[in-house]
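Novice: I'd like to ask some things about the structure below.
The values are calculated or read from the model by the stated rules, or taken from the named source; none is laboratory data. As the structure is a prediction and not an experimental result, all values here were calculated from the model. Using ideal geometry, Cβ is built from the backbone for each residue, glycine included, and neighbour counts are taken over all protein chains shown.
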Amino acid sequence: MGDSESTEMYIKTIFELDGGDEQVAISRIAERLGVSTVSATEMMKRLAERDLLVHTPYKGVQLTATGRRRALHVVRRHRLWECFLMDQLDIPWEKTHEYACQLEHSTADEVVESLAAFLGNPATCPHGNPIPTAEGELADLHDVPLSEMEVGAAGRIARIFREETTLLEYLGERGLYPGMPLRVEDIAPYNGPMTLLVDGTEHILGRGIAAHIWVNLD
């Protein structure tokens, strides 16, 4: 893996984990990328020297404005490729994320913008996540995680975040896609599973999976 690709993987991961520009523990980054905490810590030092992030010992890291802009460019490439793979090549919904992860690091900006124009400048990826603009702007989101909804609450699936191939395969097999209407029918006690009615079909999901499903409330 080249230095540029490694850098992009780290800053994209931090962006996805920051939950609103908050500091992210290095241990979470290491776990997400499947590397040792020692390796992740060394990388954080190098990225801090390049003004891509700020490292606060014993607390975590936070992207700088420069780091955030670069992360958004990676996210833009990734989500545009997801659209192309699904819309133009008929790659299954649950597989586009994995392939886009490989393509996102090897696409020149000129190609990215040509790709965006060819696709008609889509606003979201197939999983419902907003695509940053070429200027690095990201649309405001007003959805909530399914895991925080109460019994009786209803809405439509807005997006799946964070995307993981195993998760997408699980949801795809059950027809749980963005745009599908749902209602929370029951929640088991002690943080137990949730019973949902999705487009007329009952589904039972654990809280861990529900946390990845974001909903626009009615």
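Novice: Tell me, yes or no, whether the range 76-85 has at least one residue that is part of a loop (DSSP other than H, G, I, E, B) and either touching a helix residue (DSSP H, G or I) at 6+ places or on another chain (Cβ under 8 Å) or modelled with pLDDT of 95 or more (or both). Walk me through it before giving the result.
Specialist: Residues of the range 76-85 that are part of a loop (DSSP other than H, G, I, E, B), as a first pass: none.
No, the range 76-85 contains no residue that is part of a loop (DSSP other than H, G, I, E, B) and either touching a helix residue (DSSP H, G or I) at 6+ places or on another chain (Cβ under 8 Å) or modelled with pLDDT of 95 or more (or both).
Novice: Could you check, for the range 159-169, whether at least one of its residues is closer than 15 Å to Trp214 by Cα, assigned to a helix (DSSP H, G or I) and modelled with pLDDT of 95 or more? Spell out how you get there, then give the answer.
Specialist: First, pick out the residues of the range 159-169 that are closer than 15 Å to Trp214 by Cα: 159-164, 167-168.
If we keep only those that are assigned to a helix (DSSP H, G or I) too, we end up with 167-168.
From what is left, the residues that are modelled with pLDDT of 95 or more are 167-168.
Yes, some residue in the range 159-169 is closer than 15 Å to Trp214 by Cα, assigned to a helix (DSSP H, G or I) and modelled with pLDDT of 95 or more.
Novice: With the requirement that a residue be within 22 Å of the chain's Cα centre (by Cα) and among the β-branched types (Val, Ile, Thr), what does the range 55-70 give you?
Specialist: First pass over the range 55-70, keeping only residues within 22 Å of the chain's Cα centre (by Cα): 60-70.
Listed by number, the residues that qualify are Val61, Thr64, Thr66.
Novice: Exactly one condition in (1) in contact with a Phe, Trp or Tyr (Cβ under 9 Å, 6 or more places away or on another chain); (2) closer than 30 Å to Leu176 by Cβ; (3) not in a loop (DSSP other than H, G, I, E, B) is not met by Gly67; state its number.
Specialist: Against the list (1) in contact with a Phe, Trp or Tyr (Cβ under 9 Å, 6 or more places away or on another chain); (2) closer than 30 Å to Leu176 by Cβ; (3) not in a loop (DSSP other than H, G, I, E, B), Gly67 comes up short only on (2).
Novice: Of everything in the range 194-208, what is within 22 Å of Asp143 (Cβ to Cβ) and either outside any loop (DSSP other than H, G, I, E, B) or in contact with a Lys or Arg (Cβ under 7 Å, 6 or more places away or on another chain) (or both)? Give them in sequence order.
Specialist: Across the range 194-208, the qualifying residues are Met194, Thr195, Leu196, Leu197, Val198, Thr201, His203, Ile204, Leu205, Arg207, Gly208.
Novice: Could you please find all residues in the range 29-40 being within 20 Å of Glu164 (Cα to Cα) and either crowded, with 17+ Cβ neighbours inside 10 Å or of a type in the set (Val, Ile, Thr) (or both)?
Specialist: Of everything in the range 29-40, those that are within 20 Å of Glu164 (Cα to Cα) and either crowded, with 17+ Cβ neighbours inside 10 Å or of a type in the set (Val, Ile, Thr) (or both) turn out to be Ile29, Ala30, Arg32, Val35.
Novice: Here is a list of conditions, (1) within 19 Å of Val75 (Cβ to Cβ); (2) part of a helix (DSSP H, G or I), and Glu22 meets all of them except one; can you say which number that is?
Specialist: Every listed condition holds for Glu22 apart from (2).
Novice: Continuing with this model, one more query. Could we say that Ala123 is touching a strand residue (DSSP E or B) at 6+ places or on another chain (Cβ under 7 Å) and farther than 19 Å from Thr166 by Cα here?
Specialist: On the way: touching a strand residue (DSSP E or B) at 6+ places or on another chain (Cβ under 7 Å): yes; farther than 19 Å from Thr166 by Cα: yes.
Considered against the rule, which asks whether it is touching a strand residue (DSSP E or B) at 6+ places or on another chain (Cβ under 7 Å) and farther than 19 Å from Thr166 by Cα, Ala123 comes out as yes.
Novice: Applying the selection to the range 117-147, what residues are over 16 Å from the mean Cα position of the chain (by Cα) and closer than 26 Å to Glu169 by Cα?
Specialist: Hits for the range 117-147 are Leu119, Pro122, Ser147.
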